[in-house]
Every structure is written in structure tokens, then in C-alpha cells.
Amino acid sequence: MKTKEFIDRCVGEGFEWAEGGHKEEDGIYVKNDRIGTCAHFKKEAIENNEWDVLKTQVLQGKDIYHVTRIVGYFSRVENWNKSKLGELKDRRRGNYAV
């Protein structure tokens with residue numbers, strides 16, 4: 001993969017990027033604010049790997065979603081507003097037999 005294509009993919013995924021060195025190796029830093037991860041890629045690594053492999057290094061296994069079941073359907077809580085998240089936090093588990 002070319003460096004320009006890599007940068008375009010980073011921007012497309014919503015990742016921040018910057019050129020910089022790490023341990024005297026020039027490369028590109030990629031940061032994901034949503035899940036709080038950062039990775040440094042040497043230019044050789046970018047050229048020798050596919051996007052899916054590189055993206056995995058940025059996400060570091062933390063790209064998971066919290067899903068809850070409400071009234072028979074599943075919903076991702078990342079899409080909820082502040083009020084709805086407060087309701088979720090206040091819920092109690094219980095055995096509600098009728």
C-alpha cells in the first residue's frame with residue numbers, strides 16, 4: 001500500500017495521523033480518539049501490509065460495542081443520548097416473574 005493511500009484510509013476511518021519518529025525510525029503515528037489508541041508505522045510496514053492488518057494495530061482489540069436488549073430488540077448504546085445512558089446506568093437486575 002502506498003503512503004498516500006494509507007493516509008486517505010486513516011482519514012476515511014476517522015483516525016488522526018501525523019508524521020514523526022519513534023526510536024529513530026521515521027514513520028506515521030495514527031490515533032483513534034474514540035477508543036484511546038495510538039500506533040506508529042514505519043514506511044516499510046505501510047508498503048508491505050494491507051489496510052486490514054494495519055487497522056488492527058491501531059484498534060489494538062479495543063474496537064468493541066456495548067449492546068443492550070430493550071423491549072425485544074438490540075441497540076448500540078454509543079448512539080444513545082446522555083439521558084438514555086443515565087437510565088441504563090440506573091437499571092437493576094432482578095428476577096421479575098409474573
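Annotations
- Comparing GLY36, GLY14, GLY86 in a Gaussian network model of the chain, where Cα atoms under 10 Å apart are tied by springs, the biggest mean-square fluctuation is seen for GLY86.
- Those lysines that a straight Cα-Cα span of less than 26 Å connects to LYS84, excepting residues fewer than 8 apart in one chain: LYS62
- The candidate values are (i) 35, 34, 19; (ii) 40, 23, 18; (iii) 65, 21, 20; the one derived from this structure for Cα extents along the principal axes in Å carries the label (iii).
- The chain - charge dipole about Cα centre, Lys and Arg +1 at Cβ, Asp and Glu -1, debye rounded to 20: 900 debye
- Within the listed set ASP26, ASP52, ASP63, the residue fluctuating most in the Gaussian network model of the chain (springs between alpha-carbon atoms under 10 angstrom) is ASP52.
- Extension gain, GLU50 back to SER83 (0.36 nm per residue minus Cα-Cα distance, nm): 7.8 nm
- Based on C-alpha pairs under 8 angstrom that are at least 6 apart in sequence, the chain has a relative contact order of 18 percent.
- Cβ crowding within 10 Å, taken as a proxy for footprinting-reagent exposure, orders LEU88, LEU59 from fewest neighbours to most as LEU88, LEU59.
- Build a GNM of the chain with springs between Cα atoms under 10 Å apart, and of LYS62, LYS43, LYS84 the one that fluctuates most is LYS84.
Values quoted throughout were computed directly from the atomic coordinates according to the rules given, and no laboratory measurement underlies them. The model shown is predicted, which means the values in this text are computed figures rather than measured ones. In this analysis, Cβ positions are derived from the backbone assuming ideal geometry, glycine residues included, and neighbour counts consider all displayed protein chains.
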